[in-house]
Every structure is written in structure tokens, then in C-alpha cells.
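Scroll down for the structure; my scribbles are underneath it.
The values are calculated or read from the model by the stated rules, or taken from the named source; none is laboratory data. As the structure is a prediction and not an experimental result, all values here were calculated from the model. Heads up, the Cβs are rebuilt from the backbone with ideal geometry, glycines too, and the neighbour counts pull from every protein chain shown.
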């Protein structure tokens with residue numbers, strides 16, 4: 001309300017609902033259209049159940065570095081695990097991130113959630129994103145006939161990323 005007052009905008013017509021943004025917008029979305037929810041720092045389990053009741057093809061996208069930059073908090077990743085949801089990673093934009101680098105997002109994610117499996121989060125960063133974008137026939141996995149970008153991640157501790165981990169494009 002303070003924001004609109006500063007803009008000298010009359011929003012007296014607005015009547016606040018006893019619902020959060022997900023519960024407000026989801027019933028208005030087409031059921032057969034793929035939907036991506038981004039950031040998810042205030043998403044709760046009741047929101048996941050609510051979305052499951054209304055929508056079919058949903059992807060939850062996490063942008064850890066942007067989340068920390070904007071709100072100094074991360075989504076409750078554990079809520080999303082084992083629920084059968086498609087999870088993916090993003091960077092947001094340079095307005096809220098120092099660089100547009102998925103490896104940086106993976107490093108931040110693993111620093112804050114060390115029990116996550118790197119093989120699982122690599123799938124979030126590759127296949128799941130390609131699938132949501134509808135380009136999985138050409139990208140996202142290493143298969144005959146596809147043209148994936150292949151990157152070498154160095155300076156790891158076995159299958160654990162470190163703050164020194166780097167990526168080098170191979171092809």
C-alpha cells in the first residue's frame with residue numbers, strides 16, 4: 001500500500017483476498033499449458049498441493065543467487081523433493097545476479113543444501129529445462145542425434161561441487 005501511496009495512485013477499489021499469489025493466479029491459468037513458477041522463496045507445501053489439484057504440467061525453477069541477492073533467502077528445496085515435480089535452475093537476470101552462470105547456481109544450491117545429489121541437480125540444469133522449453137529432442141541429454149553442449153566441470157571433490165569448481169565448454 002505504501003508503494004502505491006508514493007506513486008499517488010488510488011487503489012481503494014482493491015480488496016485483499018485471504019490467498020497468496022499462487023492460490024490467486026493458478027485457477028486462472030489454462031490446465032493444459034505448461035507453467036513455470038520461478039523463485040519460489042515463499043512457496044509452502046499447501047501451495048504445492050494446491051497447484052497439483054489445478055494444473056498438470058508444472059515446473060518449479062530455482063534461481064539461488066538471485067534469491068539471495070533480492071531477498072537474502074532461498075526456497076525450501078526439501079519441500080519440492082520427492083513430490084514428482086519437475087525442478088529446474090535459472091539465473092534470473094543481471095539486474096539481480098552477478099553473472100548468468102548455471103554452475104554458479106549449482107554451487108550456491110549445493111553450499112546451502114549439501115545433501116542434494118549432484119547428478120540430480122545436473123538433471124535440473126539440463127534435461128528438465130530443455131523439456132520445459134520443448135527442445136528436449138535436440139538438447140538436454142547425451143544421445144545419438146542430439147546436439148547438446150558438453151561442459152567439463154573441474155575442481156570438484158568427487159561428486160561434490162566446491163567454491164573453486166569451474167566449467168569449460170568442450171563442444
Filter result (crowded, with 18+ Cβ neighbours inside 10 Å and modelled with pLDDT of 95 or more) within region 133-160: none
Conditions (1) within 18 Å of residue 22 (Cα to Cα); (2) touching a residue at least 40 places away in the same chain (Cβ under 8 Å); (3) part of a helix (DSSP H, G or I); number of the one not met by residue 59: (3)
Restricting attention to region 83-97, does a residue exist that is loosely packed, with under 10 Cβ neighbours inside 10 Å and over 20 Å from residue 38 (Cβ atoms)? no
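Yes or no, residue by residue, for (1) touching a residue at least 40 places away in the same chain (Cβ under 8 Å); (2) more than 14 Å from the chain's Cα centre (by Cα); (3) surrounded by 16 or more Cβ atoms within 10 Å (Cβ to Cβ); (4) more than 15 Å from residue 149 (Cα to Cα):
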position	(1), (2), (3), (4)
100	no, no, no, yes
106	yes, no, yes, yes
111	yes, yes, no, yes
121	no, no, yes, yes
For the structure I just gave you, tell me whether residue 48 is outside any loop (DSSP other than H, G, I, E, B), in contact with a helix residue (DSSP H, G or I) (Cβ under 7 Å, 6 or more places away or on another chain) and over 27 Å from residue 164 (Cβ atoms). yes
Only one of these is on the phi < 0 side of the Ramachandran plot and in contact with a helix residue (DSSP H, G or I) (Cβ under 7 Å, 6 or more places away or on another chain): 64, 169, 114. Name it. 64
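How about region 8-33: which of its residues are touching a residue at least 24 places away in the same chain (Cβ under 8 Å) and farther than 11 Å from residue 47 by Cα?
Here is the first cut: in region 8-33, the residues touching a residue at least 24 places away in the same chain (Cβ under 8 Å) are 20, 22-23, 26-27, 29, 31-33.
Correct list: 27, 29, 31, 32, 33.
May I ask you to say which residue of 97, 67 is modelled with pLDDT of 95 or more and farther than 27 Å from residue 158 by Cα? Even if it seems obvious, please write down each step before you answer.
Values: 97 fails: modelled with pLDDT of 95 or more.
After applying the criteria, what remains is 67.
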